[in-house]
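Okay, structure first, notes after.
Since every read-out is calculated from the coordinates, none of them should be taken as a lab result. This is a predicted model, so every value here is computed, not measured. All Cβ positions, even for glycine, are placed from backbone atoms using ideal geometry, and neighbour counts span all protein chains on display.
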Amino acid sequence: MNKQIEGFSKLDKSNKIDWLINNHFKSQSKIRDLLLSYWNSDKEVQKNHDEFSENTISNFYYPLGVAPNFLINNKIFTLPMVTEESSVVAAACKAAKFWLSRGGFHTKIINTEKIGQIHFLFKGNPSNIKYFFNKNKSKLIDSIKEITKKMNKRGGGLKKIEIIDKTNLIDNYYQLKATFETVDAMGANFINSCLEKLSKSLVNYIKEGSDLPSSEKNIEIIMSILSNYTPNCLVHASVSCPIKNLGPFEKLSAEEFAKKFILAIKIAENDHYRAVTHNKGIMNGIDSLAMATGNDFRAIEACAHAFASRSGKYKSLSNAFIKNNYFNFEIELPLSLGTIGGLTQLHPLVKWSLELLNFPNSKSLMEITAVAGLAQNFAAVKSLITSGIQKGHMKMHLLNILKQKGVSENQKNKAIKFFKKNKVSVSTIEKFLKNN
């Protein structure tokens with residue numbers, strides 16, 4: 001029977017492990033050895049990792065791979081990718097190599113705005129709060145100048161604030177919507193600090209001012225928080241080449257491939273079951289690069305899927321078409337990324353990843369990350385409409401299955417040789433191991 005514990009967070013790491021082992025596990029020595037085996041032998045590095053989160057007891061490793069040969073805006077890049085899913089890095093490599101001889105990837109930044117919101121209740125005449133806001137807007141902006149001073153010097157800061165009447169949705173509900181530019185920072189802490197100060201200033205100015213009737217001088221702040229939906233922090237990435245240069249493929253001509261590829265994209269535009277899997281493939285590339293560079297892949301995921309639903313129907317994030325006998329494949333999506341702050345200066349491998357990418361600013365990282373998503377999508381759709389997704393995926397998954405079966409080194413080498421020319425599946429692997 002597990003016991004409730006008070007003050008767990010105050011225990012040191014060793015005592016936390018003791019409590020976990022005593023209350024949750026039977027093989028106590030094995031569990032301790034497992035956790036300790038993932039500690040970094042460098043005490044300073046381990047201390048650094050321990051402080052990234054709370055109640056840390058060990059490290060949880062994900063593979064860091066690289067995908068070379070990415071030609072982006074006429075410059076060659078090698079992309080760092082953190083993922084545990086077999087074939088993601090291999091697919092990126094294949095797509096990079098495919099487009100390297102066909103002009104490579106091209107990108108452009110469309111916008112870099114980010115949004116913060118103050119959600120509040122005002123029980124009064126809507127025209128009164130709007131009049132008060134417009135009269136005191138500059139005063140509100142001045143109230144955060146100490147917070148925005150450094151960001152302003154870098155070319156960022158608060159760009160716009162506006163009041164939005166949402167009383168048609170919830171009684172007495174309003175928003176103060178703030179638009180920010182955070183330059184090379186993702187900007188969450190900066191935006192939230194600005195919003196919290198703005199909300200206090202809003203309350204104080206309403207109480208102190210004479211612009212509102214006394215019965216309307218109390219507002220209730222519900223919350224002040226950035227939005228991870230950033231539809232105006234947009235990047236575009238694309239590839240293009242003459243149709244005749246696409247192939248031929250084993251069973252398809254270049255023209256047949258182009259038409260079939262475009263049809264596959266149209267299916268993802270019209271069927272949300274397919275669209276979810278289609279976009280998940282895009283995020284395989286984007287998340288892998290986001291993790292390698294210390295960015296918040298969860299926020300990026302949430303934003304991308306909301307953006308895919310902006311029309312009221314969930315659709316493909318990518319698009320393909322033929323124009324003037326050229327095959328065109330493109331993606332446009334919001335990416336809120338940072339290259340300073342957060343883990344970028346703290347995690348040694350994040351710093352390494354950014355150096356690998358030649359120390360990009362946030363706009364460059366947006367472009368590279370969008371390319372990673374487009375490349376991943378191209379590789380997936382290409383496989384689906386030609387050989388099928390399982391052929392390449394299961395080949396990459398072979399080693400994982402062999403590990404699960406606990407095979408010897410000799411069996412593993414025999415299996416790798418055998419399955420170079422044979423279909424990979426759990427059943428075929430089991431049959432092979434039974435006979436070898």
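Observations
- Pair list, Cβ under 8 Å, 6 or more apart: the range 127-139 residue in contact (Cβ under 8 Å) with a residue 24 or more places away in the chain, other residue surrounded by fewer than 15 Cβ atoms within 10 Å (Cβ to Cβ) and not β-branched (Val, Ile, Thr): 128/213; 130/165; 132/209; 136/209
- Hits in the range 46-73 - residues which are touching a strand residue (DSSP E or B) at 6+ places or on another chain (Cβ under 9 Å) and assigned to a loop (DSSP other than H, G, I, E, B): 62, 63, 73
- Any hit, the range 132-154, residues being of a type in the set (A, V, I, L, M), surrounded by 14 or more Cβ atoms within 10 Å (Cβ to Cβ), closer than 30 Å to residue 332 by Cβ and in contact with an Asp or Glu (Cβ under 9 Å, 6 or more places away or on another chain): yes
- A single entry from 228, 232, 284, 295 fulfils the requirement of being within 30 Å of residue 113 (Cα to Cα) and either assigned to a helix (DSSP H, G or I) or aliphatic (A, V, I, L, M) (or both): 284.
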